[in-house]
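Bear in mind that the values in this text are calculations on the coordinates, not laboratory data. Because the structure is a prediction, the values reported are computed rather than measured. Glycine gets a Cβ as well: all are built from the backbone with ideal geometry, and neighbour counts include every protein chain shown.
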Amino acid sequence: MNDFEKMMEELSEITEKLESGELSLADSMALFEKGVSLTKKCSELLSEAQQKIVKITEDSSGNVKEVPFDVEEA
């Protein structure tokens, strides 16, 4: 399991604990802050991965080229 997967698993566990309603306010706030931090780290990892993704296309002359992947075009 990679770092991203571990962080997503931990976020899932945090969500379950927060939704249970069994934590004190202080514990809930601490877990919430940890969840926000993990979310930010996951978002950064996704942004890095997205920058690495390229789309292989063929131009009108039949030449193959790599261009940055555009999520909005997908």
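Remarks
- Cα gyration tensor, the range 18-74 - rounded (a/c under 1.5), prolate or oblate: prolate
- 19 Å cut-off, amide nitrogen to a point 7 angstrom out along LYS17 Cα→Cβ, residues in the range 42-72: 42
- Bridgeable lysines around LYS17 (alpha carbons under 17 Å apart, same-chain partners fewer than 8 residues away excluded): LYS6, LYS34.
- Proximal charge balance of PHE32 [Cβ under 14 Å; K/R count +1, D/E count -1]: -3
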